[in-house]
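Worksheet: the structure to be examined is printed underneath.
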Amino acid sequence: MEVSLDKIRKSWKSLEGYHTQVYFAPEAVAAYQQAGLDFILGYFASRSAPMGKVSDKVVASVFYVFKPELVSMAIPKAWDIIDPDKLTEIRYDAADKALRRILGDSIDSKDILIAAEITKKIALTATDNFAGRPLFAGHCNIAWPNIPHMVLFHAQTLIREFRGDGHMLALVTHGIKPLEALILDAAESNDVSVGFLKSTRGWSEDEWNATENELTEREIILKNDGKLSLTNKGQTLKTSIETLTDNLSSVAYSKITDEELNTLINVGKQFSEILSQANSFLKQG
């Protein structure tokens, strides 16, 4: 069943905060600290744990936009502290607690149940197409939760990593290196600040500036008064990358209707404000 690529992107993005809350929720940060992991170790290890005790290069490869040396600060050190399967249990328990706090009485709503059913259908279709998607494939090994709000969390996690692996393939296909990808994102949107990207992805000021200059020379970005923007050439490149990402994601939506995507978009809008108010970093994740 063919559905709109635009709606596929909107439906994923509208529920993105439902997943990303776990990266910054105090319940998760506290749980990782109790397990002996600081924030950096907690982030890299908890997200990559479903792949098992993989190396720092594997994690840097699938996370893509992070400087490898930053990843090496966490991996494989984290595996000497905690077993990956145990860390995944901790992560999902923290997500459950965070969502219960954030959503309150809405956690048992019909909207959560319906969204869980639709996203699970998408995620299950995606699991039949795991080839070439290592981070997503690792997450496929996690047992499905039973309660609706956690079914939605798990399904949205799978959808995110399925799309993320596809996006990485799209970047490689277009010859875009990790730091270049970050700068393209920064030039296209003001949703995430350059300062935030620099401070969380590990690249130095010199590395950032050098790559900015290279992209400027290639007439892909413009820099005026410190602000970045895409040139026409840059916008064409970015659109091509995102379109390929959408196309690579679309296989997971073969059993979904436009009406179901509209439902996900509406549910996402309903909860996005609640989620963003609960954690000011959600838009930055």
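Please name all residue pairs, on different chains or six or more residues apart, with Cβ atoms under 9 Å, provided the first residue is in the stretch 81-104 and is under 26 Å from residue 276 (Cβ atoms) and the second residue is of a type in the set (Lys, Arg) and modelled with pLDDT of 95 or more.
Pairs found: 91/47.
Report yes if residue 245 is out of contact with any Asp or Glu (no Cβ under 9 Å at 6 or more places or on another chain) and free of Cβ contacts under 8 Å to residues at least 24 places away in the same chain, otherwise no. Break it down into steps so the answer makes sense when it comes.
Working: out of contact with any Asp or Glu (no Cβ under 9 Å at 6 or more places or on another chain): yes; free of Cβ contacts under 8 Å to residues at least 24 places away in the same chain: no.
No: the conditions fail for residue 245.
So if I check each of 126, 95, 143, 187, which one is within 18 Å of the chain's Cα centre (by Cα), over 18 Å from residue 21 (Cβ atoms) and either at pLDDT 95 or above or not β-branched (Val, Ile, Thr) (or both)?
Working: 95 fails: over 18 Å from residue 21 (Cβ atoms); 143 fails: within 18 Å of the chain's Cα centre (by Cα); 187 fails: within 18 Å of the chain's Cα centre (by Cα).
Answer to the selection: 126.
If you scan the stretch 210-235, which residues turn out to be surrounded by 12 or more Cβ atoms within 10 Å (Cβ to Cβ) and either polar (S, T, N, Q) or touching a Gly at 6+ places or on another chain (Cβ under 6 Å) (or both)?
Answer for the stretch 210-235, where residues must be surrounded by 12 or more Cβ atoms within 10 Å (Cβ to Cβ) and either polar (S, T, N, Q) or touching a Gly at 6+ places or on another chain (Cβ under 6 Å) (or both): 211, 213, 216, 220, 221, 229, 231, 235.
Looking only at the stretch 174-194, how many residues end up being farther than 15 Å from residue 230 by Cα, without any contact (Cβ under 8 Å) to a residue 40 or more places away in the chain and assigned to a helix (DSSP H, G or I)?
Qualifying residue count, the stretch 174-194: 0.
Looking only at the stretch 9-31, decide whether some residue is among the aliphatic types (A, V, I, L, M), under 30 Å from residue 266 (Cβ atoms) and in a helix (DSSP H, G or I).
Step one: list which residues in the stretch 9-31 are among the aliphatic types (A, V, I, L, M), which gives 15, 22, 25, 28-31.
Of the ones still in play, those that are also under 30 Å from residue 266 (Cβ atoms) are 15, 22, 25, 28.
Applying the additional criterion that residues be in a helix (DSSP H, G or I) yields 22, 28.
Yes, there is a match, as at least one residue in the stretch 9-31 is among the aliphatic types (A, V, I, L, M), under 30 Å from residue 266 (Cβ atoms) and in a helix (DSSP H, G or I).
Which numbered condition in (1) within 15 Å of residue 13 (Cα to Cα); (2) buried (at least 20 other Cβ atoms within 10 Å of the Cβ); (3) among the β-branched types (Val, Ile, Thr) is the only one that residue 265 fails?
(2)
Do we find that residue 21 is crowded, with 22+ Cβ neighbours inside 10 Å and either closer than 25 Å to residue 120 by Cα or not aromatic (Phe, Trp, Tyr) (or both) in this structure? Please lay out each step first, then the result.
On the way: crowded, with 22+ Cβ neighbours inside 10 Å: yes; either closer than 25 Å to residue 120 by Cα or not aromatic (Phe, Trp, Tyr) (or both): yes.
The answer is yes for residue 21.
Only one of these is on the phi > 0 side of the Ramachandran plot and among the hydroxyl-bearing types (Ser, Thr, Tyr): 23, 64, 32. Name it.
Numbers: 23 fails: on the phi > 0 side of the Ramachandran plot; 32 fails: on the phi > 0 side of the Ramachandran plot.
The conditions single out 64.
Which ranges mark the helices (runs of 4 or more DSSP H) fully within the stretch 88-173 that have 1 or more residues being basic (Lys, Arg) and out of contact with any Phe, Trp or Tyr (no Cβ under 8 Å at 6 or more places or on another chain)?
Numbers: elements: 110-127, 134-139, 148-173.
Helices (runs of 4 or more DSSP H) meeting the threshold: 110-127.
Can you tell me which residues in the stretch 210-234 are among the basic types (Lys, Arg) and more than 18 Å from residue 171 (Cα to Cα)?
Answer for the stretch 210-234, where residues must be among the basic types (Lys, Arg) and more than 18 Å from residue 171 (Cα to Cα): 223, 227.
Yes or no, residue by residue, for (1) under 26 Å from residue 249 (Cβ atoms); (2) surrounded by 15 or more Cβ atoms within 10 Å (Cβ to Cβ):
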site: 44; (1), (2): yes, yes
site: 48; (1), (2): yes, yes
site: 56; (1), (2): no, yes
site: 93; (1), (2): no, no
site: 106; (1), (2): no, no
site: 111; (1), (2): yes, yes
site: 125; (1), (2): yes, yes
site: 132; (1), (2): yes, no
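Out of all the residues in the stretch 34-83, which are in contact with an Asp or Glu (Cβ under 6 Å, 6 or more places away or on another chain) and either at pLDDT below 95 or part of a helix (DSSP H, G or I) (or both)? Don't jump to the end; show me each part of the working.
Within the stretch 34-83, the subset in contact with an Asp or Glu (Cβ under 6 Å, 6 or more places away or on another chain) is 71-72, 75.
Matches in the stretch 34-83: 71, 72.
Sort out which residues of the stretch 1-40 are more than 24 Å from residue 68 (Cα to Cα), over 16 Å from the mean Cα position of the chain (by Cα) and polar (S, T, N, Q), and write them in order of number.
Across the stretch 1-40, the qualifying residues are 4, 34.
Could you check how many residues of the stretch 127-140 are over 20 Å from residue 49 (Cα atoms) and either among the aromatic types (Phe, Trp, Tyr) or touching a residue at least 60 places away in the same chain (Cβ under 8 Å) (or both)?
Step one: of the stretch 127-140, the residues over 20 Å from residue 49 (Cα atoms) are 128-129.
Of the ones still in play, those that are also either among the aromatic types (Phe, Trp, Tyr) or touching a residue at least 60 places away in the same chain (Cβ under 8 Å) (or both) are 129.
Selection size over the stretch 127-140: 1.
Go through (1) in contact with a Phe, Trp or Tyr (Cβ under 9 Å, 6 or more places away or on another chain); (2) free of Cβ contacts under 8 Å to residues at least 60 places away in the same chain; (3) over 25 Å from residue 201 (Cβ atoms); (4) surrounded by fewer than 16 Cβ atoms within 10 Å (Cβ to Cβ) one by one and return the number of the condition residue 39 breaks.
(3)
The values are calculated or read from the model by the stated rules, or taken from the named source; none is laboratory data. Computed from a predicted structure; not experimentally measured. When we count neighbours, we look across all protein chains shown, and the Cβ atoms used for this are built from the backbone with ideal geometry, even at glycine.
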